[in-house]
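The values are calculated or read from the model by the stated rules, or taken from the named source; none is laboratory data. These numbers come from a predicted model, not from an experiment. Cβ sites come from the backbone with ideal geometry, for glycine too, and all protein chains shown count toward neighbours.
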Amino acid sequence: MLKHIRRELIFNQTQLYIFAGYILVFWIWIVWQNISPRISLVFLSFVLPLFCAASFQAREEKFKAWTLNCSLPTNRNTLILARLITSWSLMIAALIVGILYSALFQKNHSILYQFIQLKYFLVFLLFTSLFLVFLFPFVIRFGLSGVLIGLVVLQILGIITLVLTRASGSKGNFLHTMIDSIINFMKFLLNHPSTFFYVTVLIFSVAVLNIFTLKFSQFLFARRDF
Amino acid sequence: MEHAVQIENLRKEFKGFTLKDVSFNIPKGYVMGLIGPNGAGKTTLIKLIMNLIRKNSGQIRVFGKDHIQHESEIKSRIGFVYDIPHFYEDIKLKSTASAIAPFYPKWDQDLFLKLMNEFSLPLDKKFKKLSHGMKMKFSLCLALSHDADLILMDEPTSGLDPVFRQELLEKMSQIMLDEEKTMLFSTHITSDLERIADYITLIHNGEIIFSSPLDNILQNWGIVKSEKDLLDKTEIPGLVGYEKTNYGIEILTSDIKTAQTLISSDSISEKATLEDIMYFIKKGETHA
């Protein structure tokens with residue numbers, strides 16, 4: 001597996017430099033503005049998968065390098081597993097950079113204190129896994145153009161939601177209720193006491209989501225012709 | 001005879017094109033030339049062997065093993081050169097090689113560096129900065145640096161200048177001095193194959209027209225030229241195709257010796273080249 005991760009890192013080194021620069025600026029900004037660790041957690045959960053998982057696949061598509069990768073002495077399932085592990089390694093590394101930066105440069109060390117708590121760390125993993133479970137297979141199936149179209153569709157849906165919410169008032173509007181439910185779910189996860197059961201459920205959910213992401217992505221990748 | 005590649009009833013369906021139940025073998029230690037016009041199915045066949053595309057039915061065995069069940073093991077013994085080399089364009093050549101090398105147990109770094117030097121390829125250059133010819137050379141360097149037992153090359157000489165084409169063919173000849181190595185060389189530049197191929201497989205419209213030793217083809221196939229329309233009066237043995245011209249008729253036969261004994265004395269016959277054979281078959285005026 002190490003040779004696969006090494007291959008991913010070498011082939012995506014340009015992206016890694018951009019990623020490293022972005023993460024550094026991101027943490028400096030978070031600490032400088034003293035932005036709530038909760039907001040940074042949610043934000044990171046969406047940005048990191050886009051930067052790691054999606055961009056690696058986008059580069060493979062851009063250069064049509066799947067011909068090369070799939071011709072190497074390996075099988076497609078291992079390629080996808082390697083990509084998922086590499087993505088997670090980078091996302092965790094980005095978090096560790098934030099924790100270290102907070103420890104060294106943040107006066108109240110709020111990011112450090114928050115993320116080294118098991119519950120918050122697991123919630124970060126859960127949010128990231130939730131986003132990844134949609135994004136990772138989506139990019140494999142629809143490619144970079146699919147992601148761009150998807151983002152435009154999301155934008156349009158957002159505008160429609162806003163318009164509908166204003167037109168019909170906030171109470172009883174389905175979309176508004178749905179958004180509220182998501183926010184409440186996030187608050188519930190972050191505010192729930194760290195009981196053994198709760199932590200176990202979080203770990204189990206993260207594991208299930210990632211296994212599903214892996215298996216579904218492998219299924220989609222195996223069906224592709226290059 | 002031991003076979004490096006065995007293909008049986010291989011079928012792949014695309015919209016508008018079908019590779020139709022193709023069967024042929026590549027004997028171990030020989031060069032098989034895969035010829036056919038553009039769009040005949042040569043690339044599809046090579047991609048199927050490499051499992052880059054999924055077959056609809058049939059079987060592919062490489063080194064006697066199923067190509068999907070033993071995918072990693074088989075691919076570690078294959079060197080591949082595709083018609084368009086697709087590498088990460090913004091990565092330096094040495095980095096690309098360094099990422100690929102650990103996948104091959106028999107990777108020879110000294111040989112790789114020697115080949116890079118022979119082909120005048122700069123290690124520190126990014127792939128996107130290379131010309132098409134240099135890209136092909138780099139692809140070839142990688143394919144030859146891990147002592148591959150089977151070398152698959154899809155149109156490796158297309159777009160190359162004559163000097164490098166000559167160098168490439170010489171390099172291929174040197175490699176094939178090792179009788180353990182096998183090569184599948186797809187091209188539509190048939191003159192390249194006449195120099196190095198031992199066997200020729202002709203594919204047209206997704207069907208194998210023939211798969212035979214090159215010597216047999218060059219000895220037995222020929223063109224009969226006549227001012228008269230021979231088809232009206234004589235049954236031409238081994239008739240494959242014909243073309244009516246302003247001056248009469250030209251007939252391609254796979255049995256030129258017998259044909260010569262039957263045709264009229266005012267006809268002339270000559271040996272067919274691979275290009276002639278491809279031309280007549282592509283013309284499509286084949287005899288039923």
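Of the residues that make up region B:106-122, is at least one closer than 25 Å to A:GLN15 by Cβ, modelled with pLDDT of 90 or more and either surrounded by 22 or more Cβ atoms within 10 Å (Cβ to Cβ) or among the basic types (Lys, Arg) (or both)? Scanning region B:106-122, I find no residue that is closer than 25 Å to A:GLN15 by Cβ, modelled with pLDDT of 90 or more and either surrounded by 22 or more Cβ atoms within 10 Å (Cβ to Cβ) or among the basic types (Lys, Arg) (or both), so the answer is no.
Note on region A:27-43: among residues that are in contact with a helix residue (DSSP H, G or I) (Cβ under 7 Å, 6 or more places away or on another chain) and of a type in the set (A, V, I, L, M, F, W, C), the one that is nearest to B:LYS128 (Cα to Cα) is A:TRP27.
Among helices (runs of 4 or more DSSP H) entirely within region B:71-172, having at least 1 residues that are away from chain A (no Cβ under 14 Å), within 25 Å of B:ASN51 (Cα to Cα) and not small (Gly, Ala, Ser) singles out B:132-144. Residues in region B:63-86 that are in contact with a Lys or Arg (Cβ under 8 Å, 6 or more places away or on another chain) and surrounded by 21 or more Cβ atoms within 10 Å (Cβ to Cβ) were compared, and the one that is farthest from A:THR78 (Cα to Cα) is B:PRO85. The lone criterion from (1) within 30 Å of B:ILE74 (Cα to Cα); (2) surrounded by fewer than 22 Cβ atoms within 10 Å (Cβ to Cβ) left unmet by B:LEU202 is number (2). Put simply, of A:PHE115, A:PHE221, A:PHE124 the only residue that is buried (at least 17 other Cβ atoms within 10 Å of the Cβ) and within 14 Å of chain B (Cβ to nearest Cβ) is A:PHE221.
A quick yes/no check of all residues on (1) closer than 26 Å to A:SER55 by Cβ; (2) over 22 Å from the mean Cα position of the chain (by Cα):
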residue	(1), (2)
B:LYS42	no, no
B:ILE49	no, no
B:ASP66	no, no
B:HIS70	no, yes
B:ILE74	no, no
B:TYR88	yes, yes
B:THR96	yes, yes
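Counting the residues of region B:40-62 that are part of a loop (DSSP other than H, G, I, E, B) and more than 13 Å from chain A (Cβ to nearest Cβ) gives 2. Going through (1) over 30 Å from A:ALA65 (Cβ atoms); (2) under 19 Å from the mean Cα position of the chain (by Cα); (3) of a type in the set (S, T, N, Q) one by one, A:SER129 falls short only on (1). Of the residues making up region B:170-205, those that are closer than 20 Å to B:TYR82 by Cα and basic (Lys, Arg) are B:LYS171, B:LYS181.
When region A:1-32 is filtered for residues that are hydrophobic (A, V, I, L, M, F, W, C) and within 11 Å of another protein chain (Cβ to nearest Cβ), the ones remaining, listed by number, are A:LEU2, A:ILE5, A:LEU9, A:ILE10, A:PHE11. Taking the condition of being farther than 18 Å from B:TYR82 by Cβ and either buried (at least 22 other Cβ atoms within 10 Å of the Cβ) or facing chain B (nearest Cβ under 7 Å) (or both), how many residues in region A:60-77 meet it? Selection size over region A:60-77: 1. When A:ILE85, A:ILE35 are checked against the criterion of being surrounded by fewer than 18 Cβ atoms within 10 Å (Cβ to Cβ), more than 17 Å from A:ILE140 (Cα to Cα) and away from chain B (no Cβ under 11 Å), a single residue qualifies: A:ILE35.
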